[in-house]
Amino acid sequence: MADSILVVERLGKRFGGIMALDEVSFQIPRGAVCALIGPNGAGKSTLINVVTGLYKPTSGQIAVEGRPLDGLGPVAIANLGVSRTFQNVRLFHSLTVLENVLVAKHRATPARFLGGILRSAGFRQREATIRAEAQEALQALDLWEIRGRLVGGLPFGQRHLVELARALVRRPKLLLLDEPSAGLIRPEIVRLMQCIRMLQNRGIAILLVEHNMELVMRISEQIVVLDFGKKIAEGPPEVIRADAKVIEAYLGRRHQRAGTR
Amino acid sequence: MSRQARWLSIGVGLLFMLSIPLWVTSSFYLRLVNLSGITIIAVVGLNFLTGETGQISLGHAGLMGIGAYTAAILETAHHWEFWSGTLAAGVITTAIAIIIGYPTLRLKGHYLAIATLGLGQILWLIFSNWRSATNGFDGIGQIPEPHIFGFSIANDFAFYYLITVFVAAFVYLAIRIKASSFGLAMIAVRDNEMAAEAMGISATTHKVLAFSLSGLYAGVAGSLYAHLFTYISPDAFTLDLSILFFAMLILGGLGSILGSMIAAVFLTLLPEWLRFLDQYYMVLYGAIIILVIVYMPQGIMGVLKNWRRWKLFRATQPSEPLHGG
Amino acid sequence: MEQIVISGLAMGSIYALIALSFVLIYNAVGVVNFATGEIVMLGAFLGTTAITQLQLNPVLAYIAACALMVFFGYSFNLITYYPLRGQSFLPIALSTLAASIIMRNVALIIWGANPLSMRGVLGSGVWHLGTVVIVPQNIVIFIVTLVLLVLQHLFFTHTRWGRMMRAVAQDQDVAKLMGIKVNLMIGLTFAYAGFLGGVAGLLVAPIFFVTTGMGFAVAMKAFTASIVGGFGSIPGAIVGGLFIGLVEILGAAYVSSVYKDAFAFIILILVLLVRPQGFFGEKIAEKA
């Protein structure tokens, strides 16, 4: 239990008459890659939004590194070491690639405010450290060359990567990826897989919401399956692949063929 | 531009600025120039809120009024002097901006626009009706002149240099803040509030910060205004002034400090240049605003940036056309 | 007391009409029209000119004024909103603000700074019903507003054009896919909003002096009314308008008549702080 970075216990979220999440429980061990799958409308994005504080749960508990979230807001949760990407990529369109990543390291303290105005030695040193971290994140994702470009003009696949760099530079303990492969072409998906492996090597735990089954089966250690807001299965890829409930709810014949490849 | 060229142009610009009172002989015109300086401070302050953070405020003139009345009341009724009066003006306006800001800035777009409109009006009503403090429509007069190191700033000439110091200081502050991560954070909040919060940037904190900064600048501008004209009344701080500030921001280019400065000077001097138009000026002014919004949505700075980009592009094109004609 | 209530409701009806003009535009294009008050002012001036200065037959005068306002509303769209459609909130807000400045100053040039006045259809005397003194114009206001609202309701629910306009207000993209000429509907919405504002101006002109500054005061009350009623809600605009009208007059009578205008603002701030969605409004949650 102490080894889990995320503990979700009997989580429920109701919107009016609809139970988007119903008694969902699972854990993610430190540094693990866990995939969340299920048909459309199963509640996957809702779960991410609840874990990151956009919605308050109607029942149940979430704990990050043992600390219960208890209705904390998105900013507080982000400061606990949780980062996320968005399904419809949400970059800051007035800023460049580099600025999008730099701003993720911003902390609003009076000391930093004064530092920014007075530009003391301590401030400049911290600035240099932040720039180095940003550079590292951008280089890891092959974005360093285009760091000066406005994100608005970038192709879709690169914008996804910038989002990833932005989430990554915060050195999160838990990274939530909301359909990162949506809209990517095959070589980009391969690159995405390499990135996820790289993140895993750095000890970052990842919760991945995905529809791309090949990606999911290859990269995850653990899979949680949702359907109509309920968890219907959990386990390693081999087990899930063969689970009748899952296949029935979601995967269907197409994946059975893929599974035997 | 190379570093040397940049320093040279700054130097020349500075010399030009410092020499202005020497060759602007009409004291009426110099008064206008001084007013533009004060307006620069007010508009650069508004830029934090509207230009960078994307929040509308139609009550900025009201905040400036708070600064003006604070300084005026403290100095006429309680014999404070310029520096303490201006400091108080800045501090109190900032404090009121924080108090107003917290509940109000939760509102979005239209609600915020109407709320700030209402707040500006409430302030105007207070200025007009709280006679015991503000003298109502009679206004407060005989605001004492500033004394700096024994010199008294008694005319527009001397005032020019005082205002230049203030403008330089507050513009520098604005440039620093904009270049810091706070500047980036405010733009992030404007561009995509949800993503900003997911990155640990609290939208409310930064909106209130922007609002407070706008209050600080408005308060100081208000105090300077009171000392420049030595008389203030509620009719100086109306919705029309708030709209004017907003128009200056858009004309200059939302988010651009330099653009705000240029537009502030331009729209302060324009009514004088077009004085012969009489009442038609206001109609022209309204028309200019709409034309700028439709045809130059990025303002002056947008045009300059595009012009530069176009020149660069042209420089990379072959000098002969590839096809005939 | 009854007198006060009747006056309050009458003013409230006017605020309701103006709030409606404002809400219809907001629903159609998501834009706050800051020139709403000036549209009312224009209606008032047109009516006053037609009746007092041109000495036209009252029926003709009112019809002409209303027709002009319809035409004006449509042109207003062409100049202020249409070139900016699809842009963000800030430029469009400033555009309508600029329009209000232009309108106010054009009115100043045409009609001058002196307040004008206009006689109502039922004359300027007062009627006595037992102990109650009634200003006849108030009756006119009630009747006109009621008739207008009923006709409007029928138009929007039972005619094809009305339903098309509502469709555009609900979802422009889907309306477009259904073959509805969206831009035309938007133009018509503006035209109708102009008409409503004009009617409000014609109704209120006999009660107050007609000046170039009158637009702002009534507009603020109308904005407040629509927020109190629930932004974007048509019944909300009506209820909100009546509410503000009543509160204002009761406040002026029992609390302080000097700060009469402040009551609307205070209510505005209170509602925005405590319950921004008003009586009938819906909270909108953003999806990630």
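The values are calculated or read from the model by the stated rules, or taken from the named source; none is laboratory data. Because the structure is predicted, anything quoted here is derived from the model rather than measured. FYI the Cβ positions are ideal-geometry reconstructions off the backbone, even for glycines, and counts take in every protein chain you see.
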Per-region count, the range A:1-45, residues of a type in the set (Ser, Thr, Tyr) and under 10 Å from A:Lys231 (Cβ atoms) = 1
Could you check, for the range C:107-118, whether at least one of its residues is at pLDDT 85 or above, away from chain B (no Cβ under 12 Å) and surrounded by 13 or more Cβ atoms within 10 Å (Cβ to Cβ)?
-> yes
Which of (1) under 23 Å from the mean Cα position of the chain (by Cα); (2) part of a helix (DSSP H, G or I) does B:Phe137 not meet, given it meets every other one?
-> (1)
Which of the residues belonging to the range A:105-134 are in contact with a Phe, Trp or Tyr (Cβ under 9 Å, 6 or more places away or on another chain) and assigned to a loop (DSSP other than H, G, I, E, B)?
-> A:His106, A:Ala108
Go through the range A:144-170 and give me each residue that's more than 16 Å from the chain's Cα centre (by Cα), at pLDDT below 90 and buried (at least 21 other Cβ atoms within 10 Å of the Cβ).
-> none
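The rows are residues; the columns are (1) within 14 Å of chain A (Cβ to nearest Cβ); (2) in contact (Cβ under 8 Å) with a residue 24 or more places away in the chain; (3) of a type outside the set (A, V, I, L, M, F, W, C).
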{"residue": "B:Arg106", "(1), (2), (3)": "yes, yes, yes"}
{"residue": "B:Leu125", "(1), (2), (3)": "no, no, no"}
{"residue": "B:Ser128", "(1), (2), (3)": "no, yes, yes"}
{"residue": "B:Ser132", "(1), (2), (3)": "no, no, yes"}
{"residue": "B:Tyr161", "(1), (2), (3)": "no, yes, yes"}
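Name the residues in the range C:72-88 that are within 8 Å of chain B (Cβ to nearest Cβ) and in contact (Cβ under 8 Å) with a residue 24 or more places away in the chain, would you?
Hit for the range C:72-88 is C:Thr80, nothing else.
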If you scan the range B:167-190, which residues turn out to be without any contact (Cβ under 8 Å) to a residue 40 or more places away in the chain, facing another protein chain (nearest Cβ under 7 Å) and assigned to a helix (DSSP H, G or I)?
-> B:Leu173, B:Arg176, B:Ser181, B:Phe182, B:Leu184, B:Ala185, B:Ala188
Subset of the range C:88-121, residues within 17 Å of C:Phe34 (Cα to Cα) and among the β-branched types (Val, Ile, Thr), comes to C:Ile92, C:Thr96, C:Ile101, C:Ile102, C:Val106
Go over the candidates B:Gly150, B:Gly136 one by one and state the one that is touching a helix residue (DSSP H, G or I) at 6+ places or on another chain (Cβ under 9 Å), surrounded by fewer than 18 Cβ atoms within 10 Å (Cβ to Cβ) and not hydrophobic (A, V, I, L, M, F, W, C).
-> B:Gly136
Can you give me the number of residues within the range C:252-270 that are under 12 Å from C:Val228 (Cα atoms) and either more than 10 Å from chain B (Cβ to nearest Cβ) or in a loop (DSSP other than H, G, I, E, B) (or both)?
-> 1
Test C:Gly37 against the stated conditions and say whether it is under 22 Å from C:Val228 (Cβ atoms), under 12 Å from the mean Cα position of the chain (by Cα) and within 14 Å of another protein chain (Cβ to nearest Cβ).
-> yes
The listed residue being more than 27 Å from the chain's Cα centre (by Cα), away from chain B (no Cβ under 14 Å) and either surrounded by fewer than 17 Cβ atoms within 10 Å (Cβ to Cβ) or within 30 Å of A:Ser181 (Cα to Cα) (or both), out of A:Gln135, A:Gln125 | A:Gln125
Selection count where residues are surrounded by fewer than 23 Cβ atoms within 10 Å (Cβ to Cβ) and part of a strand (DSSP E or B), scope the range A:34-52 | 1
Subset of the range A:6-19 that is at pLDDT 90 or above and touching a Gly at 6+ places or on another chain (Cβ under 9 Å) - its residue that is surrounded by the fewest Cβ atoms within 10 Å (Cβ to Cβ) | A:Arg10
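Of everything in the range B:1-59 that's in contact (Cβ under 8 Å) with a residue 12 or more places away in the chain and outside any helix (DSSP H, G or I), which residue is farthest from B:Ile114 (Cα to Cα)? If you could, list the steps in order and put the result at the bottom.
Within the range B:1-59, the first condition is being in contact (Cβ under 8 Å) with a residue 12 or more places away in the chain, and the residues that meet it are B:17-18, B:20-21, B:27, B:29-59.
Subsequent filtering for residues that are outside any helix (DSSP H, G or I) retains B:53-59.
On the way: B:Thr53: 18, B:Gly54: 15, B:Gln55: 12, B:Ile56: 9, B:Ser57: 9, B:Leu58: 8, B:Gly59: 10 Å.
Among them, the one singled out is B:Thr53.
Condition check ((1) more than 9 Å from every other protein chain (Cβ to nearest Cβ); (2) surrounded by fewer than 13 Cβ atoms within 10 Å (Cβ to Cβ)) across all residues:
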position: B:Tyr280; (1), (2): no, no
position: B:Ile290; (1), (2): no, no
position: B:Gln298; (1), (2): yes, no
position: B:Val303; (1), (2): yes, no
position: B:Trp307; (1), (2): yes, yes
position: B:Trp310; (1), (2): yes, yes
position: B:Phe313; (1), (2): yes, yes
Report the residue count in the range C:115-146 for those that are part of a loop (DSSP other than H, G, I, E, B) and in contact (Cβ under 8 Å) with a residue 60 or more places away in the chain.
-> 8
Out of the range C:175-203, which residues are in a helix (DSSP H, G or I), over 27 Å from C:Leu60 (Cα atoms) and among the aliphatic types (A, V, I, L, M)?
-> C:Ala175, C:Leu177, C:Val182, C:Leu184, C:Met185, C:Ile186
Working only within the range A:220-261, note down all residues that are part of a loop (DSSP other than H, G, I, E, B), at pLDDT below 85 and within 26 Å of A:Pro29 (Cβ to Cβ).
-> A:Asp243
For residues that are crowded, with 23+ Cβ neighbours inside 10 Å, part of a helix (DSSP H, G or I) and of a type outside the set (A, V, I, L, M, F, W, C), tally how many sit in the range C:204-240.
-> 7
What's the number of the condition C:Arg163 fails, among (1) over 24 Å from B:Tyr111 (Cα atoms); (2) surrounded by 24 or more Cβ atoms within 10 Å (Cβ to Cβ); (3) of a type outside the set (Gly, Ala, Ser); (4) out of contact with any Cys (no Cβ under 7 Å at 6 or more places or on another chain)?
-> (2)
Tell me which of these B:Ser223 doesn't satisfy, since it passes every other one: (1) among the polar types (S, T, N, Q); (2) surrounded by 23 or more Cβ atoms within 10 Å (Cβ to Cβ); (3) within 14 Å of chain A (Cβ to nearest Cβ).
-> (3)
Conditions (1) out of contact with any helix residue (DSSP H, G or I) (no Cβ under 8 Å at 6 or more places or on another chain); (2) surrounded by fewer than 24 Cβ atoms within 10 Å (Cβ to Cβ): number failed by C:Thr48 | (2)
Of (1) part of a helix (DSSP H, G or I); (2) buried (at least 22 other Cβ atoms within 10 Å of the Cβ); (3) more than 21 Å from the chain's Cα centre (by Cα); (4) facing chain A (nearest Cβ under 7 Å), B:Thr205 satisfies all except one. Which?
-> (2)
Of the criteria (1) assigned to a helix (DSSP H, G or I); (2) within 30 Å of B:Ser242 (Cβ to Cβ), which one C:Val5 fails | (2)
Within the range A:84-101, residues in a loop (DSSP other than H, G, I, E, B), at the interface with chain B (Cβ under 7 Å from one of its Cβ atoms) and without any contact (Cβ under 8 Å) to a residue 60 or more places away in the chain come out as A:Phe92, A:His93, A:Ser94, A:Leu95
Quick one: would you say B:Gly101 is within 14 Å of chain C (Cβ to nearest Cβ) and within 21 Å of the chain's Cα centre (by Cα)?
-> yes
